[in-house]
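Student: Sharing a structure here in structure tokens format.
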Amino acid sequence: MTTYTSNWLSPSNIALVKYWGKKPEQLPMNPSLSFSLKQARTRTSVSLQPLESKKFSFLFEGKESPFATRIAKYLDALSIELPWINDFSVLIESANTFPHSTGIASSASAFGALALCLTDLNRQLTGANPEEEKFFQAASRFARLGSGSASRSVYGGFAWWGKSSAMPESTDCYAIPVSKYIHESYFQLCDAVLLVDTKTKKVSSSAGHELMNNHVYKAARLTQVNQTIEQALQLMKTPDERMAFIDLVEQEALSLHALMMTSSPSFLLLKPGSLEIIEQIRDFRRQTGLPVGFTIDAGPNIHLLYWKEDQAQVHAFVKSELLYYTENGEWLDDQVGDGPIKE
Ligand code: DP6
């Protein structure tokens, strides 16, 4: 029996407008908008070998990983659609190009890369040869079933996931690339990730999303986030509205945390250091007039957003004012990336 392999390198992504809350089948309660990162990536290799006693193995950076159980379940669920999964021993090896659990959504790059491998293997095994757009839509849908935010990791530049009247071709099923709607200046956006606390486990995503189901502010959140994504898209069409864009993105990130703080049970994920950094960033913006701001996922780490042309000033600021509040002076510097690569 033939052996089949596929290798992909897929980026992590950072959401500017956040996916928070889901409907059944891992469909999003609201549309989200993100950009893929350049440095933070996962490299995955899937090999299908003749079926022996060992049906499945998952190695992360050469070692057994607790993530294996989640992946085994995922493959089991997918085998309904991809029945060939049951005909082989599935051997997966994966490694991150960034430190694991540093607050960068590693499940996004992990499921992005795995879904791309599976879509590629499906093409090899069934002889199906979808056009490129359809190939990535299929990969995005498979990625979504693993982790919602991973649906956006199969594209470079900017991606949009979730039905919205502001983006006619959008759908809840898979993410779509939206770079063509966004002004070229936004491709110079950078993301300096300030690692305030890497030990604290962020609220598990399933628990986090569930909080939205009966949230007292659910209706208000859905109204707000649909407006926010539409405004973000408008602002990103020109190079002139960077300050308004930064204000909007900060408000969106703080809304996510406001929702977590006021949910039942309540989660307070920001640390004193996170708040210090937020204050410092705002002071720096007031003093310099530079379009510099932040976004935050479901954790304490702060993503400092800035433009490449301001890098020297921002790096000096990070080093002199912000690293003090991080864990062991740790930070990662990243930027908008070109998307996944087949290796
Ligand atoms: C706050 O994609 O990790 O990062 O679908 O349950 O795997 P699951 O959730 P996940 O949630 C990400 C939430 C977020 C916002 C975002 O990336 O849009």
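The values are calculated or read from the model by the stated rules, or taken from the named source; none is laboratory data. Just so you know, these numbers come straight off a predicted model, no measurement behind them. All Cβ positions, even for glycine, are placed from backbone atoms using ideal geometry, and neighbour counts span all protein chains on display. For accessibility, only protein heavy atoms count, side chains too; no ligands or nucleic acids. Shrake-Rupley method; radii C 1.70, N 1.55, O 1.52, S 1.80 Å.
Student: For the chain, find the longest principal axis of its Cα atoms and tell me its angle to the long axis of helix 132-146, 0 to 90°, nearest 10.
Tutor: With both axes taken from Cα atoms, the answer is about 80 degrees.
Student: Suppose we flag trypsin sites (Lys or Arg not before Pro) only when DSSP calls them loop and at most 11 other Cβ atoms lie within 10 Å. Which is the longest uninterrupted stretch of the chain?
Tutor: Maximal segment without exposed cleavage sites: 55-198.
Student: Next question. Per DSSP helix of 4 or more residues, -39500 (n - 2.57); summed, then divided by the residues of the chain. What does that give at 222 nm, rounded to the nearest 500?
Tutor: -11000 deg cm²/dmol
Student: Express the carbon and sulfur contribution to the solvent-accessible surface of the chain as a percent, rounded to the nearest whole number, probe 1.4 angstrom. Numbers along the way, then the final one.
Tutor: Working: 7570 of 14720 Å².
After summing per-atom areas, the C and S share lands at 51 percent.
Student: Can you give the Rg and Dmax of the chain based on its C-alpha atoms, in angstrom?
Tutor: Looking at the chain, its Cα Rg and Dmax stand at 19.9, 67 Å.
Student: For D338 and E210, what is the calculated FRET efficiency with R₀ set at 22 Å and r taken between the beta-carbons, to the nearest 0.05? Intermediate values should be presented prior to the final figure.
Tutor: Working: r = 34 Å, r/R0 = 1.56.
E(calc), rounded to 0.05, equals 0.05.
Student: Additional query: Reachable lysines from K23, Cα under 26 Å, same-chain residues fewer than 8 places away excluded?
Tutor: Answer for K23, where 26 Å is the Cα cut-off: K73, K134, K163, K201, K202, K218, listed by chain and number.
Student: Follow-up question, since we're still on this one. Restricting to the chain, compute how many DSSP beta bridges are antiparallel as a %, nearest 5.
Tutor: 90
Student: May I ask you to derive the FRET efficiency for Q49 and N129 from their Cβ-Cβ distance with R0 = 22 Å, giving the value to the nearest 0.05?
Tutor: Details: r = 24 Å, r/R0 = 1.09.
FRET efficiency, Q49 to N129: 0.40.
Student: Another one. In Å², what does the accessible area per residue of the chain work out to with a 1.4 Å probe?
Tutor: Value returned for the chain: 43 Å² of accessible area per residue.
Student: Could you work out how far the C-alpha centroid of the stretch 124-202 sits from that of the stretch 1-30, in angstrom?
Tutor: Using only Cα atoms to place each centre, the spacing works out to 7 Å.
Student: Still on this structure, I have one more. Nearest 10 degrees is fine. How inclined is helix 67-78 to the longest principal axis of the chain, computing both from alpha carbons?
Tutor: 60
Student: Over all directions, how big on average is the projection of the convex hull of the alpha-carbon atoms in the stretch 111-160, in square nanometres?
Tutor: Seen from a random direction, the Cα hull of the stretch 111-160 projects 3.2 nm² on average.
Student: Report the label-to-label distance for W84 and K63 in nanometres (one decimal), using points 7 Å from each Cα along the Cα→Cβ vector.
Tutor: 3.4
Student: If you don't mind, another one. Hand me the GluC sites (Glu not before Pro) from the stretch 114-156 located in a DSSP loop with no more than 16 other Cβ atoms within 10 Å, in residue order please.
Tutor: Values: sites: E131, E132, E133; in loops: E131.
Listed in order of number, the matching sites are E131.
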